[in-house]
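Asks: Below is the structure I would like to discuss, written out as structure tokens.
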Amino acid sequence: MRPTQAPYPAGRPRRLRRTEPLRALVRETHLTPGDLIWPLFVRDGTRVREEVPSMPGVVRRSVDGIVEAAEEARDLGIPAICLFPYTDPALKTEGCEEAWNPDNLANRAIRAVKAAVPEVAVMTDIALDPYNALGHDGIVRDGVIVNDETVDALVKMALAQAEAGADILGPSDMMDGRIGAMRRALEAAGHTDVAILSYAAKYASAFYGPFRDAVGASGALKGDKKTYQMDPANSDEAIRLIERDLAEGADMVMIKPGLAYLDICRRVKDAFGAPTYAYQVSGEYAMLKAAAANGWVDGAAVMMESLMAFKRSGCDGILTYFAPDAARRLRAG
């Protein structure tokens, strides 16, 4: 039983809010640079740094720039980066064959980072939309996103990324059975130490638009993704999917998007106690940046408050485009 708080005036909760040292002593939730994963967009070229208009402050970098960003992450205490490729449209096909090309853009970036900054963990994205001429996360046959053929393709993609040196694979496709298939293939190929951070509860959200601009998938997408991504109205389904992916061999699980789904984060952490992450997605980032640019909110303050909300909801870490700015602020005290 919880102890009863003394009634006023003996009980004055404001006593412990009076000064910053007192507030620090009783603070329940803590955010550190070690809680952050920094998503990065990679494109072909050399010394390329290309602004993403719908995501102020976010750029597409060539591989050399990705290495520099990994060095920055290391220096800021950010333990991991996550790579997303902006694929040349000429390489996109309905069969998505570029996804498992050992020398594709993502795999070249993985190898470059691990050669130059091995202490930074490299996470990847496993979904076919950057390579799909139709913009979907899976292979499309007669207007239907087919599950099992897509899983076969995703397994090949996972093996290629593991061979390139990825530390963490991030399946974000939401196909059924893909975690078990990937784990079996990784074990058989000797990649026993490669971790899987499954996007186990990924919703068919309206918050993804700027990301699709960043990877060049917006114009290609035919239809929507509601037949494989989750209905935003569902909560119990997320618990079932998390349980399934953990049983199939996921080491960590992801809820995506983040701020609109903090209730799911809390339920997942309470139910399973597994390493639980959320993705503060492009639309969430862009909204906060736009409000700050207009002077409607204090940008730095809402950035930190939003990240703390993820930790308070039970998340062990957050994928966020704010990672370097937040890490600098945290290190400065």
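The values are calculated or read from the model by the stated rules, or taken from the named source; none is laboratory data. The model shown is predicted, which means the values in this text are computed figures rather than measured ones. Ideal geometry is used to build each Cβ from the backbone, glycine not excepted, and the neighbour counts take in all protein chains shown.
Asks: Any idea how many residues of region 100-136 are within 19 Å of residue 171 (Cβ to Cβ) and free of Cβ contacts under 8 Å to residues at least 60 places away in the same chain?
Replies: Residues meeting the conditions: 12.
Asks: Identify the single condition in (1) buried (at least 24 other Cβ atoms within 10 Å of the Cβ); (2) under 24 Å from residue 185 (Cβ atoms); (3) under 15 Å from the mean Cα position of the chain (by Cα); (4) not hydroxyl-bearing (Ser, Thr, Tyr) that residue 252 does not satisfy, given that it satisfies every other one.
Replies: (1)
Asks: Taking region 87-102, which residues are crowded, with 19+ Cβ neighbours inside 10 Å, at negative phi and either in contact with a strand residue (DSSP E or B) (Cβ under 6 Å, 6 or more places away or on another chain) or not in a helix (DSSP H, G or I) (or both)?
Replies: Once the filter is applied, which keeps residues that are crowded, with 19+ Cβ neighbours inside 10 Å, at negative phi and either in contact with a strand residue (DSSP E or B) (Cβ under 6 Å, 6 or more places away or on another chain) or not in a helix (DSSP H, G or I) (or both), region 87-102 yields 87, 92.
Asks: Still on this structure: From the list 210, 232, 275, which one is modelled with pLDDT under 95 and either within 16 Å of residue 319 (Cα to Cα) or surrounded by fewer than 20 Cβ atoms within 10 Å (Cβ to Cβ) (or both)?
Replies: So the residue among 210, 232, 275 that is modelled with pLDDT under 95 and either within 16 Å of residue 319 (Cα to Cα) or surrounded by fewer than 20 Cβ atoms within 10 Å (Cβ to Cβ) (or both) is 210.
Asks: Next question, about the same structure. Give region 115-131 a look and list any residue that's buried (at least 19 other Cβ atoms within 10 Å of the Cβ) and either closer than 20 Å to residue 76 by Cα or not small (Gly, Ala, Ser) (or both), or say none.
Replies: Just the residues of region 115-131 that are buried (at least 19 other Cβ atoms within 10 Å of the Cβ), to begin with: 117, 120-131.
117, 120, 121, 122, 123, 124, 125, 126, 128, 129, 130, 131, listed by residue number.
Asks: Looking at region 75-85 only, could you name the residues that are at negative phi and either touching a Phe, Trp or Tyr at 6+ places or on another chain (Cβ under 6 Å) or surrounded by fewer than 16 Cβ atoms within 10 Å (Cβ to Cβ) (or both)? If you could, list the steps in order and put the result at the bottom.
Replies: Pass one, region 75-85, residues at negative phi: 75-76, 78-85.
Result: 75, 78, 81, 84.
Each row is one residue, and each column tells you yes or no for (1) of a type outside the set (A, V, I, L, M, F, W, C); (2) more than 30 Å from residue 290 (Cβ to Cβ); (3) at pLDDT below 95; (4) out of contact with any strand residue (DSSP E or B) (no Cβ under 7 Å at 6 or more places or on another chain).
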site: 175; (1), (2), (3), (4): no, yes, no, yes
site: 178; (1), (2), (3), (4): yes, yes, no, no
site: 185; (1), (2), (3), (4): no, yes, no, yes
site: 190; (1), (2), (3), (4): yes, yes, no, yes
site: 195; (1), (2), (3), (4): no, yes, no, no
site: 202; (1), (2), (3), (4): yes, no, no, no
site: 205; (1), (2), (3), (4): yes, no, no, yes
site: 214; (1), (2), (3), (4): no, no, yes, no
site: 217; (1), (2), (3), (4): no, no, yes, yes
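Asks: Oh, and also: Residues that are in contact with a helix residue (DSSP H, G or I) (Cβ under 9 Å, 6 or more places away or on another chain) and among the polar types (S, T, N, Q): list the strands (runs of 3 or more DSSP E) wholly contained in region 1-86 that include at least 3 such residues. Please lay out each step first, then the result.
Replies: Details: elements: 36-42, 49-51, 59-61, 80-85.
Here the list is empty.
Asks: Can you report the number of residues in region 225-239 which are closer than 11 Å to residue 174 by Cα and either part of a loop (DSSP other than H, G, I, E, B) or of a type in the set (Phe, Trp, Tyr) (or both)? Even if it seems obvious, please write down each step before you answer.
Replies: Residues of region 225-239 that are closer than 11 Å to residue 174 by Cα, as a first pass: 225-230.
From what is left, the residues that are either part of a loop (DSSP other than H, G, I, E, B) or of a type in the set (Phe, Trp, Tyr) (or both) are 225-229.
Residues meeting the conditions: 5.
Asks: Still on this structure: Of the conditions (1) part of a loop (DSSP other than H, G, I, E, B); (2) of a type outside the set (Asp, Glu); (3) crowded, with 21+ Cβ neighbours inside 10 Å, residue 242 clears all except one; give me its number.
Replies: Of everything listed in (1) part of a loop (DSSP other than H, G, I, E, B); (2) of a type outside the set (Asp, Glu); (3) crowded, with 21+ Cβ neighbours inside 10 Å, residue 242 misses just condition (1).
Yes or no, residue by residue, for (1) closer than 24 Å to residue 162 by Cα; (2) in contact with a Ser or Thr (Cβ under 9 Å, 6 or more places away or on another chain); (3) aliphatic (A, V, I, L, M):
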site	(1), (2), (3)
28	no, no, no
63	yes, yes, yes
76	no, no, yes
80	yes, no, yes
83	yes, yes, yes
88	yes, no, no
91	yes, no, yes
95	yes, no, no
104	yes, yes, no
